[in-house]
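To keep things clear, I will list the structure first and then write my remarks on it.
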Amino acid sequence: MTTLAHSMMTAARSADSGLANPGDLDRYPFAETSAVDRVSMPAWEGADPELGRVGRRTGGSRGRGLHGQLVQQLGQMIVSGDLGADRPLVPEEIGQRFEVSRTVVRESLRVLEAKGLVSARPNVGTRVRPVSDWNLLDPDIIEWRAFGPQRDDQRRELSELRWTIEPLAARLAAGHGREDVQQRLSDMIGIMGHAMGQGDALTFARADAEFHGLLIQIAGNRMLDHLSGIVSAALHVSGGPVTSCDRPNDVTLAQHGRIVDALATGDGAAAEAAMRQLLTVHPEVERVVPAPREH
């Protein structure tokens, strides 16, 4: 993986891929933000107390205050296996460990329960749930798995899922021609090209994520639209197989351009083929996508 690609995939966070007006292009100031360093999660027992202070650990924060940071902390610890299945989570213990209020702990556990990571039952308390109960399509869980021990499996599964979702979305999108959206897609390609020339990995990643999100949204299939967050998350994790989208270069930009050209002419087959080419894993990678799973 190239330096730019690696920086792109590790620096970018979830991007807003909603349909936007052309005037919103100022959301992409070039080189406006540097990469955020990720800090590995401490073990629950025996860790340096300073590492557990939520207010001091902002590397993984989404800017949602103590509540958001605690969700990140506990979520990563559960997904990484530091907090194993059926592990009891005592709110008082968590509050003391991370120096946050009971309200913050309670709200954080509710978020984790909604993601299927924990369950709360009367007379039993809150416990970590097994992997089979997790909402594996939740963007947060996708990211946490991508930076944990399940990194390789997560990347492979996302690549296989994208191979299924995006070519179909491209074919369907060709039947829903909208000049404003096609112009927006072209704008994203222009931004990607400029960012690539400037070595601006974050801006490239944000524009790329919006391109793919827009394409899914105009496919006219609400169920596919619901999966757009998964594609966005897939674009923002690193490691594993390397696809064309992971390698920002002139060829990648040209492949994006061919998709837009096919949409403009209403050629669904060409749009689908161009998307499959864009998602094709490079030959130097041992496992290609799609590939049969090893049993």
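The values are calculated or read from the model by the stated rules, or taken from the named source; none is laboratory data. Every value quoted in this text rests on a predicted model; they were computed, and no experiment measured them. Cβ: placed from backbone, ideal geometry, glycine included. Neighbour counts: every protein chain shown. Side chains are part of the model used for accessible areas, which takes the heavy atoms of the whole protein and leaves out ligands, DNA and RNA. Shrake-Rupley method; radii C 1.70, N 1.55, O 1.52, S 1.80 Å.
Here are a few things to note about the model shown:
- Of the listed residues R171, R155, the order by accessible area with a 1.4 Å probe, largest first, is R171, R155.
- Heavy atoms of the protein chains alone define the surface here; on that basis the range 92-230 has 45 Å² accessible area per residue at 1.4 Å probe size.
- Solvent-accessible surface (1.4 angstrom probe) belonging to D82, in square angstrom, nearest 10: 60 Å²
- Paramagnetic reach from R102 in the range 125-139 [backbone N under 17 Å; point 7 Å along Cα→Cβ]: 125-126
- Each residue of the range 274-280 was assigned a 3J(HN,Hα) from its phi angle through the Karplus expression (A = 6.51, B = -1.76, C = 1.60, θ = phi - 60°), giving 5, 5, 4, 5, 5, 8, 5 Hz with x at Gly and Pro.
- Rounded if a/c under 1.5, otherwise prolate or oblate - the range 150-199, Cα gyration tensor axes: oblate
- For the range 72-150 and the range 202-233, distance of Cα centres in Å: 27 Å
- To put it simply, the accessible area of the range 87-167 at a 1.4 Å probe is 50 percent carbon and sulfur.
- E93 accessible area, 1.4 Å probe, all protein chains in place, Å² to nearest 10: 80 Å²
- Compared with the alpha-carbon gap, the fully stretched path from V251 to R127 is longer by 39.8 nm at 0.36 nm per residue.
- Scanning residues 5 or more positions from V118 or on other chains, those with amide H under 5 Å from its amide H are E113, R129, with H placed 1.01 Å from N in the peptide plane.
- J(HN,Hα) series, the range 165-171, from Karplus relation 6.51 cos²θ - 1.76 cosθ + 1.60, nearest Hz, glycine and proline x: 7, 6, x, 5, 4, 5, 4
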